[in-house]
Structures are given as structure tokens and as C-alpha cells.
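The structure appears below as C-alpha cells.
The values are calculated or read from the model by the stated rules, or taken from the named source; none is laboratory data. Small disclaimer: the values here were computed from a predicted structure and weren't measured. Positions of Cβ are generated from backbone atoms using ideal geometry, with glycine treated the same way; all protein chains shown enter the neighbour counts. Note: accessible area is taken over every heavy atom of the protein model, side chains too, but ligands, DNA and RNA are not part of it. Shrake-Rupley method; radii C 1.70, N 1.55, O 1.52, S 1.80 Å.
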Amino acid sequence: MSPAAGNGDGRAVSTVLDVAVCLLFVTAAVGVLATADRPAPDDSNSADRAASLLGTTTATVHYATAGGGGTAPERATVACRPATGETRPDGCRTAHGTVADLLARAAVADVADNESTGPSRFEQGVRNATRQRLAGIQASWQVVVTWRGYPDAPLGGRVAVGGGPPPGIDVHTATLRVPVADGPARAGTDGDAMTVDAVGRRAASATVTRLFPPEPTRLALVAGSPADRRTAGRYRRTAATLGVGLDGALADGSVRRANDILVGALAARYARDLDARTGTASDAAALVSVETATVTVRTWSA
């Protein structure tokens, strides 16, 4: 074999080795890139984005009252959603508003709902609407809405959607204050003429009016079962919480008398609490927040 031929074969072998070694380096580099930890997504603004979605986007919830829209709870929303051009089925209702507004209504309704039977069909529909609206949030989340006349008041409602964060994790929080249904003016609007007792009574009246608005409640009581049984049950549970009886007001269909009984009992509780905590009418009025529900959104890295 001539030297020239030998050199040519050597160069060919060297070239093959160079390519092989290069491929090994490239493969190793790709392996390193493939196994490197990806940076965690920035979820610092996720709570604000979620709260904005709840407060600015609307939803419609179709739900059955007890006995309406079919018997199975999971079928109630579907059964109560009217087809295009058709009327709403009997025993069904429709609620529309921002998702935050619907959550606030659910918290008010939770005050007197029967906890032993689980969430009402309205609350189930609101929970579903919340999950759908926040499906695009790139973080784990929980929404909690509360409504009370003041912190630790004897009557209050709470609705939670989603489980809470695990311990020891960074959590981002955003809060919305959402108006609830119209009612009496804010306690304390009469200024210096108000007393703590007067603030308590006005707050109690506003609370009961939101729980049992007179005209819709009267119509429910005279509508026949199951609406009247459900409304009467909510009255009895509220009266039991306050330790009073309704003296036949429900049998007579007298919403005004039933509400007056509840207001009297609740006003006494409110006045005692507010006087012990504040001592002045102005401070008591500042503590009362019957007009709004609080929606708290918490997010964290999944």
C-alpha cells in the first residue's frame, strides 16, 4: 500500500471519529437541555386576574327549585335550561349577573339553607359558573365569598369554590366587595342622632330584608309545595338560630309579621355585640357591612 493511500485512509477514519465524537457531544447537550428544570410560571398577578374575571364577566345560571327541573341534582341545570324559543320549565328559575354577583347571592342564600342536604341547586350552578370562568387561570385557586352583618355576627353565609392551598406555600390574594340586594339604607346614616341600639335594629332589618325580601317571599309562601315548604324551612331554621318562634305567622302567610319577629330578636343580639365591641353609634355603624359580600380569591403555584 502506498503512503498516499495510507494517508487517505487515515484521514477518512479520523473524519468518521470526529463526526462520532461531535454527535456524542450534541446528544449529551440535548440530554442536558431536556432534563433541565423549567422555570416556574409567574403567578404573582393570577389572583388579580381571577378577581377581575369574576367581577367583570357575566354568567347565567338555570336551576330548579325543590321538585322542579327533574329529581336528580346533577340533571337540574340541564333540565331547566330552556331550548331556543321555548319557555322556562315549571319549577325552574334563572339568575344572571357577574359571577361575583352570583357568588354574593349564593352566600346570602347560604345563611338559611339546609346544610344537611348539601349545597342548593342555585349554589351548585354558581359553583359551576365560577369553575368555568376561571378555567384559564394558570395557577391553582380558591374562591371564598362571605356575607355577615359584621365580623362574627350571629347570622352569616359562606360559599367556597375549590380547595384551599397546602401549608407552607406562597399564596397571592385579591378581594372584591360586592353589593347584595337592595334593602334599607346603611345603618348610621342619621349621624349623631343614631344610638348603638338604633344601629343594631337598622342592621337587623337590612339583614332580614335581604334574607326574606317581602314580596318574593310572600309569593313563595302562597305558591304551594315545594316552594312554600322550602321557604318555611328557611324561616324556621333562621328563627331557631335566633332562639325565637314565629307564632303562626307562616301558617297565615304573613311575611311582615314573621320578619318583624326575626328583626326584633336579631336587633337585640346585634345591639349587645356592637355595644360590647364599640360603645359608640358611629363606630358601630362603621363596623356594619350588611350591604356587601366579600369575595376573596387565593392563587398559588400548582
- Query: Hey, among LEU246, LEU250, which residue is crowded, with 18+ Cβ neighbours inside 10 Å, over 21 Å from GLY156 (Cα atoms) and without any contact (Cβ under 8 Å) to a residue 60 or more places away in the chain?
  - Reply: LEU250
- Message: Can you say whether LEU262 is within 15 Å of VAL111 (Cβ to Cβ) and either open to solvent by less than 50 Å² (accessible area, probe 1.4 Å) or of a type outside the set (D, E, K, R) (or both), as far as the supplied structure shows?
- Response: yes
- Query: Are any of the residues in the stretch 126-138 modelled with pLDDT under 95, over 12 Å from the mean Cα position of the chain (by Cα) and over 29 Å from ARG81 (Cβ atoms)?
  - Reply: yes
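Residues are listed down the side, and each one gets a yes or a no for (1) in a helix (DSSP H, G or I); (2) touching a residue at least 40 places away in the same chain (Cβ under 8 Å); (3) of a type outside the set (Asp, Glu):
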| site | (1), (2), (3) |
| --- | --- |
| ALA220 | yes, no, yes |
| ALA232 | yes, no, yes |
| ALA239 | yes, no, yes |
| ARG269 | yes, yes, yes |
| ASP273 | yes, yes, no |
- Among (1) at pLDDT 90 or above; (2) loosely packed, with under 10 Cβ neighbours inside 10 Å, the one test that SER46 misses: (2)
- Query: Could you list, in sequence order, the residues of the stretch 102-133 that are buried (at least 22 other Cβ atoms within 10 Å of the Cβ) and within 16 Å of ALA51 (Cα to Cα)?
  - Reply: LEU102, LEU103, ALA104, VAL126, ALA129, THR130
